[in-house]
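Only the coordinates and a few stated rules stand behind these numbers; no lab work does. Note that the coordinates shown come from a computational prediction; the quantities given were computed from them, not determined experimentally. With ideal geometry, Cβ positions are generated from the backbone for all residues, glycine too; neighbour counts draw on all protein chains shown.
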Amino acid sequence: MIKKVFSQVKEEELYHDIIESLVTALEAKDLYTKGHSERVANMVHVLSKYLGIKGKKLEIIHIAAHVHDIGKIGVPDKILNKK
């Protein structure tokens, strides 16, 4: 039982690290988004809790908010930084 719980904690830490790495990569590519995903995730988290969303759904929504701009990584800089 303890081994299973420990394994789940390690898995969640791994997911968190992967998401953080993706967000860091995006922010390195596009300075405009620096801190943006964190702010969006925090706002979405508060709004979701206000709407009564709990548990795993709340966690999934929070993660999705963090990575909502991740597609920008594949967009060429000349398009991404276009005025």
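Could you work out how far helix 55-66 tilts from the main Cα principal axis of the chain, as a 0 to 90 degree angle to the nearest 10?
With both axes taken from Cα atoms, the answer is about 20 degrees.
Quick one: grab Rg to one decimal and Dmax as a whole number for segment 3-82, Cα atoms only, in Å.
Rg and Dmax of segment 3-82, Cα atoms, are 14.8, 51 Å.
Name the most mobile residue of E12, E38, E27, meaning the one with the largest mean-square fluctuation, in a Gaussian network model of the chain with Cα contacts below 10 Å.
Of E12, E38, E27, the most mobile in the Gaussian network model is E12.
Counting only residues 5 or more places away or on other chains, whose amide H sits under 5 Å from the amide H of D30 once H atoms are built in the peptide plane?
Hits under the 5 Å cutoff: none.
Efficiency by 1/(1 + (r/R0)^6): what FRET value for K10 and K57, r their Cβ-Cβ distance, R0 = 22 Å, to the nearest 0.05?
After rounding, the FRET efficiency stands at 0.45.
With springs only between Cα atoms under 10 Å apart, run a GNM on the chain and tell me which of I63, I73, I53 wobbles the most.
I53
What residue among H16, H62, H36 shows peak mean-square fluctuation when the chain is described by a Gaussian network model with Cα springs under 10 Å?
Result for the chain, Cα springs under 10 Å: H16 fluctuates most.
For A64 and T24 in the same chain, what is the full-extension length gain: residue separation times 0.36 nm, less their Cα-Cα distance, in nm?
Once the chain is fully extended between A64 and T24, it gains 12.9 nm.
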